[in-house]
Amino acid sequence: MRRLTESFYVRDVLEVAPELVGKILVRRFDDGREECYVITETEAYRGEEDLACHASKGRTPRTEIMYHRGGYVYVYLIYGMYWMLNVVTGHDGHPQAVLIRGLEGVSGPGKITRRLQIDKSFYGEDLLYSNRLWICEPESIGSIEIEAYPRIGVDYAGDYWKNLPWRFVKK
DNA sequence: TCGACGATTGCC
DNA sequence: GCAATCGTCGAG
């Protein structure tokens, strides 16, 4: 399978997030074993003006990676027990990321990182060159149907930002 | 330094 | 309905 390259990730998150649905997430473990999963659900977080995006609080040690060019991994801990897997998108200086919410056979962002053994050590991982995590174009080039819904768990962001249809689900 | 809170999950 | 559990960030 062909690995996605820089030009795929260095675009606006609203282009990348829906296109990641249907792509193949590959995890290579220390013992050399590889597991592939079809991405089924994503969410877009876009810039400092997006009150649901962590970057809305500005540049901090945690959000730093989101300010880099697309293709890096942003991982953070939520509720003290779940790691969230995100893909940085866009150009340098424009904080954006896509939360990977679902894989085929794995429903829920916390379950994804538990299944794939992804933790803080993946913060800043480069999907373009990593030998333990990357994303590929699927072999079959069939068209994929996608539906858009509001993002989950962001009520704190206020009516406008919480209602935007920035969650993308494979039909 | 301290305390409130969270892009979730699973059990009561 | 709600507890688990801890890094992050803003307040003091």
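Would you calculate the separation in nanometres between label points at A:LYS171 and A:ASP155, each defined as 7 Å from the Cα along the Cα-to-beta-carbon direction?
Roughly 3.1 nm, to one decimal.
Rank by packing, highest mean first: peptides A:78-87, A:45-54, with packing defined as the count of other Cβ atoms within 10 Å averaged across residues.
Top of the packing list down: A:45-54, A:78-87.
Quickly work out the A:ASP92-to-A:GLU145 label distance, labels modelled 7 Å from Cα along the C-beta direction, and quote it in nm with one decimal.
So the label points at A:GLU145 and A:ASP92 sit 4.3 nm apart.
Taking only the alpha carbons of region A:24-71, what extent do you get along each of the three principal axes, in Å, biggest first?
Computed over the Cα atoms, the extents are 40, 24, 16 Å.
Could you give the nm distance between label points at A:ARG33 and A:ARG62, where each point is 7 Å from its Cα heading toward the beta carbon?
3.2 nm
Quick check: Cα centre of region A:98-171 to Cα centre of region A:1-80, how many Å?
7 Å
Stokes-Einstein at 25 °C, 0.890 mPa s, Kirkwood radius from Cα pairs: D for chain A in µm² s⁻¹?
154 µm²/s
Relative contact order for chain A: what percent, with Cα pairs under 8 Å and sequence separation of 6 or more?
Relative contact order for chain A comes out at 29 percent.
What chymotrypsin sites (Phe, Trp or Tyr not before Pro) does region A:1-32 have in DSSP loop regions with at most 16 other beta carbons within 10 Å?
A:PHE29
Quick note: the coordinates plus some simple rules give every number you see, no bench work behind them. Because the structure is a prediction, the values reported are computed rather than measured. Backbone-built Cβ (ideal geometry, glycine too); neighbour counts: all protein chains shown.
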